[in-house]
Amino acid sequence: MEQIRETKTTMIASQLEQMILDNTFENGCFLPSQQELAHMFNTSSRPVREALKLLEARGLVTISQGRRAEVVNTSLNQYIESISTTIMNSQICQNKLMQNLMQVRIAVATSAARDFTRLEGRKRYLSQLWRATNLMEAALGAIAAKDATAVAQFNQAEAEFHRTLVQANGNQILISIYESLSPILDQTMNSMKFTAPQMEKRSKDYAYLCEALQNGQTDLAVALVLVTLTSLQNSVMDTYPDDRPAFASYA
């Protein structure tokens with residue numbers, strides 16, 4: 001029964017999210033009452049209440065006691081474009097930008113790992129994570145032989161691994177922000193030089209993470225995310241120790 005209720009909650013949240021993003025419910029307007037939404041979706045008030053909490057966590061509505069949920073975001077693409085443009089036009093130093101991007105990646109990936117066992121569609125996400133991990137492992141032999149193509153394949157698979165974890169988080173705003181800015185982080189990773197043993201260790205760490213997620217070992221999965229990505233963040237920070245404008249090399 002718990003799984004049925006969770007699926008109903010997710011379905012309601014997804015449909016309401018789509019109605020918000022396509023302006024059926026405009027910015028600043030109030031959604032129908034919980035009773036009206038329950039009637040609309042032919043369900044009880046509990047899945048509706050939980051769906052609204054999901055939308056609030058995604059930054060699409062605000063909920064105040066005694067009032068209906070208020071829409072606070074309807075033009076996600078415009079919002080993301082505005083954020084990206086502000087960052088691109090700022091004079092934030094490259095070190096700070098990379099640190100911020102890595103911290104976002106760690107926070108979102110940790111949240112996804114923590115909630116993975118309750119995630120609808122987790123088998124699909126897990127399959128994608130294993131595929132990326134296997135591609136990284138397959139490239140290791142050629143990397144040891146200093147094959148540049150294999151290094152690029154490893155980096156691409158690693159980027160896809162992180163992108164899948166971010167998508168599994170389920171927060172559409174964070175996903176869109178990450179997708180908008182991840183090319184900068186991906187380009188940084190492609191420009192960095194790692195030894196073959198370092199890349200082999202990361203590949204094994206990702207495999208351990210997949211196993212933990214597959215076995216429902218939430219605490220272990222979260223710990224592996226923190227250790228693996230924090231180590232990667234430290235490597236990125238060592239590469240950008242100065243305060244040059246972040247986009248000097250991207251102009």
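Hey, among the residues in the range 193-228 that are within 23 Å of residue 101 (Cβ to Cβ) and aromatic (Phe, Trp, Tyr), which one's modelled with the highest pLDDT?
Selected residue: 206.
Does residue 154 meet the test of being at pLDDT 90 or above, in contact with a helix residue (DSSP H, G or I) (Cβ under 8 Å, 6 or more places away or on another chain), under 13 Å from residue 105 (Cα atoms) and of a type outside the set (D, E, K, R)?
No: the conditions fail for residue 154.
Which of (1) touching a residue at least 24 places away in the same chain (Cβ under 8 Å); (2) within 17 Å of residue 179 (Cβ to Cβ); (3) surrounded by fewer than 18 Cβ atoms within 10 Å (Cβ to Cβ) does residue 105 not meet, given it meets every other one?
All conditions are met except number (3).
Listed here are the residues, each with its yes/no results for (1) crowded, with 17+ Cβ neighbours inside 10 Å; (2) under 30 Å from residue 118 (Cβ atoms); (3) of a type in the set (D, E, K, R).
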| residue | (1), (2), (3) |
| --- | --- |
| 143 | yes, no, no |
| 153 | yes, no, no |
| 169 | yes, yes, no |
| 179 | no, yes, yes |
| 187 | no, no, no |
| 190 | no, no, no |
| 193 | no, no, yes |
| 202 | yes, yes, yes |
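If you take the residues of the range 1-33 that are farther than 17 Å from residue 48 by Cβ and of a type in the set (Asp, Glu), which of them is modelled with the highest pLDDT?
Among residues in the range 1-33 that are farther than 17 Å from residue 48 by Cβ and of a type in the set (Asp, Glu), the one modelled with the highest pLDDT is 26.
Would you mind telling me which numbered condition in (1) in a helix (DSSP H, G or I); (2) modelled with pLDDT of 85 or more; (3) under 22 Å from residue 201 (Cα atoms) residue 186 fails?
Only one criterion is unmet by residue 186, namely (2).
How about the range 176-194: which of its residues are out of contact with any helix residue (DSSP H, G or I) (no Cβ under 9 Å at 6 or more places or on another chain) and of a type in the set (S, T, N, Q)?
The answer is 187, and nothing else.
For the range 189-203, what are the residues that are farther than 19 Å from residue 105 by Cβ and touching a residue at least 12 places away in the same chain (Cβ under 8 Å)? Show your work before the answer.
Kept after step one, since they are farther than 19 Å from residue 105 by Cβ, are these residues of the range 189-203: 193, 195-197, 200.
Within the range 189-203, 196, 200 qualify.
Given the condition under 23 Å from residue 121 (Cα atoms), assigned by TED's automatic domain parsing to the domain that holds residue 144 and either at pLDDT 80 or above or of a type in the set (Gly, Ala, Ser) (or both), answer yes or no: does some residue in the range 229-248 qualify?
No, the range 229-248 contains no residue that is under 23 Å from residue 121 (Cα atoms), assigned by TED's automatic domain parsing to the domain that holds residue 144 and either at pLDDT 80 or above or of a type in the set (Gly, Ala, Ser) (or both).
What number goes with the only condition from (1) surrounded by fewer than 18 Cβ atoms within 10 Å (Cβ to Cβ); (2) within 15 Å of the chain's Cα centre (by Cα); (3) within 21 Å of residue 182 (Cα to Cα); (4) touching a residue at least 40 places away in the same chain (Cβ under 8 Å) that residue 161 does not pass?
Every listed condition holds for residue 161 apart from (1).
The values are calculated or read from the model by the stated rules, or taken from the named source; none is laboratory data. What you see is a predicted model; the values in this text were computed from it and never measured. Because the Cβ atoms are built from the backbone with ideal geometry, glycine has one as well, and the counts that use them run over all protein chains shown.
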